[in-house]
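The values are calculated or read from the model by the stated rules, or taken from the named source; none is laboratory data. Predicted model only: the values in this text are computed from it and were never measured. Cβ sites come from the backbone with ideal geometry, for glycine too, and all protein chains shown count toward neighbours.
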Amino acid sequence: MEYESEAENISRTLMYHVDRPVYNEGCIETELLHRKQKKTQTIKQKLSQSLRCSSKKLQSAVYSFLPILTWLPSYPVKKYLLGDIISGLSTGVMQLPQGLAYAMLAAVPPVYGLYSSFYPVLLYTFFGTSRHVSIGTFAVISLMIGGIVVREVPDSMFNIATVNGTNNTDNQLLRDAMRVKVAVAVTFLTGIIQFCLGLLRFGFVAIYLTEPLVRGFTTAAAVHVVVSQLKYLFGIETNRYSGPLSVIYSFIAVVSKITTTNTAAITVALICIVFLVGVKEINERFKKKLPVPIPGEIIVVIISTGVSYGMKLHENYGVDVVGEIPVGLLPPVVPDFSIFAAVITESFAIAIVGFSMAASMSKIFALKHGYTVNGNQELIALGLCNFSGSFFQTFAVTCSMSRSLVQESTGGKTQIAGLLASIVVLLVIVAFGFVFETLPQTVLAAIIMVNLIGMFKQFRDIPLLWRTSRIELAIWFVAFVASVLLGLDYGLLVAVAFAIISVIYRTQSPKYTILGQIPKTDLYCDTEEYEEVMEHSGIKIFQANSPLYFANSELYVNALKKKTGVDPVALLAAKKKGQKKQEMAKNQTKTTNKKINSVVKLTNSQEMGVKHELMDGETHTDLVRNGQFVTANGDGEADCEQSLSFLNRLTGVHSIILDFTPVTFIDSVGAKALKSIMKEYDEIGVTVIVGACSRAVMENLSKLDFFDGSITRDLVFPSVHDAVLYCQYKGSVNTLE
């Protein structure tokens, strides 16, 4: 109510009054605006200028490539350090169990999840532009990598499930080694792609992954993750599937072996899930009162590891555990180049999805805390993290939503928090990794599932999008269904293609309206929507809320004819038909008068009907009075006069104004359609002019040679009201004449 009263006060006190002549674009170009003289440079001059080196350019390039140099020298230790320490420790503690768990999704041994939680995080501190995101393992990316790994190195290549003893262990080690090679190759290519896209300034590619698409895609990924973890949750041995319909095959495989469920494994998992859900609820409800969130995941990992070690769950109850975790870092290894050809397509998908996740979270925190992030530098940073990390046996990483929220909410101010988190992981790798060897895999599955609760809450988008935008709901639904059924890689391609098609559909199906003036203003609104607006006599104002280009130019022309009620083609045809009938009627009159004069002499008061036969063989009766032809029933002058009268009624419109306010661009096809419209209507005496044409569209029209001898800039006006005033003046002059 306060807002409404303030708006009413403003509308009463502020007055908008402009007294100026009516301008068209011809006047503006010649009298008001004068283009600046641009210095034309040759290609050689442009190239030499861009390659010219200076200290400022060098400094700018270094600061752009290493953003840490812009904030670290002025880092306020007293203000930021304590918050970064607490945030780094909290995030690092959270990163440990997630790294182990997401390695299972990537189908590689758990220790590689720890490697992926150290190297990339360390590198992002130096090259990233966001102060709050937590780089590392992420469920969606890990699952996409896992799908590729299982496809290239399936379980069927090894007799792990049926062979016992040493051979079984050797086969499993060989399988894991081959899978690591595939994951590393994918990570290497992903890094190269992201780095090159960043250098080429392709940071804008993320805009094609609209929010409904990303949310539908990540919800589908959550379904894939849950199904893939059911085997660990129930302690069941099944093969892992990849490709289209893999989620259905995996689910059927689990259901078919549900009778072999390991009771101890499912019991441990359910206890962990209940505890983790409770801790998350407490953290959410009391987040403003708790100094730091309760680290439920690391508590579950420590306790379950201790229980597993004490009760010997693996030996006594057959519960699968993490197994051997080698202590120390691995030496760098060059990726296997022979794998690249088989995984290049999926690497593109992972590169784009990974960047999209990081860019979206970075923008959220940047807006919240008042700083900017550079999308191109984010691509470069992620590319370096993945490319460099691949030499140290990591798999592809991106921003984690859950850890980023923890890093920001616990007081993190800069990437010093991320650096400390990576150090926490490093300590475990080099000193304490053996502690987690008895950790049950079912506990990691429970951690993964609980972390997916937020993604499943995205189903709430459906009723919201149903009320607000059915097209965005369709994008969400297509992204979800395609990604569930076809897999995450093909599903993403289908979703992006559908999103692009939806844009074309929206431009092909805009809202076409006839505008009328709000009395005593220069504002114009839809005549069908508002009662107060009025149309000016003889003037039609047509608006389509879309650009004018090849995909919708024909629809635009058809809608214009339908909305204005003036079809120049039909009117010209009617005019020609009327002229033809008029000629025939004149010929009939001459023939009939000759017959009347030769047959009978009429008195002044006599009337008679004379039948005569036309050239087409039809017989008509003419009425003659005083010896002269008066009229005829049938297709004579009476029909001709009716046709011409009907034509006059339709051409009561003398001017049509095309409101170009929503037109953001026009191509050659659209310009040809516009020129055709103006010429066709001109033939029936209706003037078509353009109002509210932007400078960018004017430049497009000029480049397309739109203006010639018949169509000049005088037919284009800077506003709709200018065009209306011109049409009213033109109409009044024609009336006086």
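On the stretch given as region 554-568, residues that are part of a helix (DSSP H, G or I) and more than 12 Å from Glu680 (Cβ to Cβ) total 8.
On the stretch given as region 527-553, residues that are outside any loop (DSSP other than H, G, I, E, B) and either within 30 Å of the chain's Cα centre (by Cα) or surrounded by fewer than 19 Cβ atoms within 10 Å (Cβ to Cβ) (or both) total 6.
Here Pro120, Pro97 are screened, and the one residue that is modelled with pLDDT of 80 or more and in contact with a strand residue (DSSP E or B) (Cβ under 8 Å, 6 or more places away or on another chain) is Pro120. Selection within region 230-249: residues that are in a helix (DSSP H, G or I) and within 31 Å of the chain's Cα centre (by Cα). The member of this set that is surrounded by the fewest Cβ atoms within 10 Å (Cβ to Cβ) is Ile248. The residues of region 384-413 that are within 23 Å of the chain's Cα centre (by Cα) and in a helix (DSSP H, G or I) amount to a single one, Met401. Among what's in region 158-186 and is modelled with pLDDT under 80 and aliphatic (A, V, I, L, M), pick the residue that is surrounded by the fewest Cβ atoms within 10 Å (Cβ to Cβ). Per the criteria, the residue is Ala161. Identify, please: which residue in region 314-350 is free of Cβ contacts under 8 Å to residues at least 60 places away in the same chain and assigned to a loop (DSSP other than H, G, I, E, B) and is, among those, nearest to Val186 (Cα to Cα)? Checking each candidate, the answer is Val334. Restricting the search to helices (runs of 4 or more DSSP H) fully inside region 650-737 and requiring at least 2 residues that are under 33 Å from the mean Cα position of the chain (by Cα) and more than 25 Å from Leu571 (Cα to Cα) gives 695-703. With the condition kept exactly as written, say whether any residue in region 334-354 is of a type outside the set (Lys, Arg) and in contact with a strand residue (DSSP E or B) (Cβ under 8 Å, 6 or more places away or on another chain). Yes, because at least one residue in region 334-354 is of a type outside the set (Lys, Arg) and in contact with a strand residue (DSSP E or B) (Cβ under 8 Å, 6 or more places away or on another chain). Which one is nearest to the chain's Cα centre (by Cα) among residues in region 357-377 that are in a helix (DSSP H, G or I) and either surrounded by fewer than 19 Cβ atoms within 10 Å (Cβ to Cβ) or not assigned by TED's automatic domain parsing to the domain that holds Cys399 (or both)? So the residue we want is Ser360. Only one of the numbered conditions (1) in contact with a Pro (Cβ under 7 Å, 6 or more places away or on another chain); (2) of a type outside the set (Lys, Arg); (3) modelled with pLDDT under 90 is not met by Thr735, and that is (1). Among the residues of region 411-419, is any surrounded by fewer than 19 Cβ atoms within 10 Å (Cβ to Cβ) and touching an Asp or Glu at 6+ places or on another chain (Cβ under 8 Å)? Yes, because at least one residue in region 411-419 is surrounded by fewer than 19 Cβ atoms within 10 Å (Cβ to Cβ) and touching an Asp or Glu at 6+ places or on another chain (Cβ under 8 Å).
So for region 287-295 (the condition being among the basic types (Lys, Arg) and on the phi > 0 side of the Ramachandran plot), does at least one residue qualify? The answer is no; no qualifying residue exists. Within region 253-278, residues that are in the same structural domain as Val227 (by TED's automatic domain parsing) and closer than 19 Å to Leu439 by Cβ reach partners that are of a type in the set (S, T, N, Q) and buried (at least 16 other Cβ atoms within 10 Å of the Cβ) with beta carbons closer than 7 Å, at six or more positions or on different chains, in the pairs Ala265/Thr442; Val268/Ser304; Val268/Thr442; Ala269/Thr442; Cys272/Ser304. The residue list Val140, Val121 contains one member that is β-branched (Val, Ile, Thr) and closer than 19 Å to Pro295 by Cβ, which is Val121. Of all residues in region 78-103, which are β-branched (Val, Ile, Thr) and either surrounded by 24 or more Cβ atoms within 10 Å (Cβ to Cβ) or without any contact (Cβ under 8 Å) to a residue 40 or more places away in the chain (or both)? Listed by number, the list holds a single entry, Thr91.
Close contacts from region 717-728, counting a first residue that is at pLDDT 90 or above and a second that is of a type in the set (Ser, Thr, Tyr) and in a helix (DSSP H, G or I), with Cβ to Cβ under 7 Å and a gap of 6+ residues or different chains, come to Phe717/Tyr726. Do we find a residue being out of contact with any Lys or Arg (no Cβ under 7 Å at 6 or more places or on another chain), in a helix (DSSP H, G or I), exposed (fewer than 15 other Cβ atoms within 10 Å of the Cβ) and at pLDDT 90 or above anywhere in region 286-303? Yes; the residues of region 286-303 include at least one that is out of contact with any Lys or Arg (no Cβ under 7 Å at 6 or more places or on another chain), in a helix (DSSP H, G or I), exposed (fewer than 15 other Cβ atoms within 10 Å of the Cβ) and at pLDDT 90 or above. A single entry from Pro109, Pro120 fulfils the requirement of being closer than 21 Å to Leu427 by Cα and in a loop (DSSP other than H, G, I, E, B): Pro109. Applying a threshold of 6 Å to beta carbon distances and a minimum spacing of six or more residues, or different chains, the list of pairs starting in region 516-532 at a residue that is touching a residue at least 24 places away in the same chain (Cβ under 8 Å) and ending at one that is of a type in the set (Ser, Thr, Tyr) and surrounded by 10 or more Cβ atoms within 10 Å (Cβ to Cβ) reads Gly516/Thr527; Gln517/Tyr524. All conditions but one from (1) assigned by TED's automatic domain parsing to the domain that holds Ala349; (2) of a type in the set (Gly, Ala, Ser); (3) at positive phi apply to Gly538; the one that does not is (1).
I'd like the full set of residues that are in contact (Cβ under 8 Å) with a residue 12 or more places away in the chain and of a type in the set (D, E, K, R), limited to region 684-716. Once the filter is applied, which keeps residues that are in contact (Cβ under 8 Å) with a residue 12 or more places away in the chain and of a type in the set (D, E, K, R), region 684-716 yields Arg713, Asp714. Quick one: Lys562 ticks every box in (1) under 54 Å from the mean Cα position of the chain (by Cα); (2) outside the structural domain of Asp659 (by TED's automatic domain parsing); (3) modelled with pLDDT of 65 or more except a single one, so which number is it? So Lys562 meets the others, but not (2). Residues in region 279-301 that are of a type in the set (Asp, Glu) and free of Cβ contacts under 8 Å to residues at least 60 places away in the same chain were compared, and the one that is nearest to Met449 (Cα to Cα) is Glu281. The set of residues in region 507-524 being within 29 Å of the chain's Cα centre (by Cα) and assigned to a strand (DSSP E or B) consists of Tyr512, Thr513.
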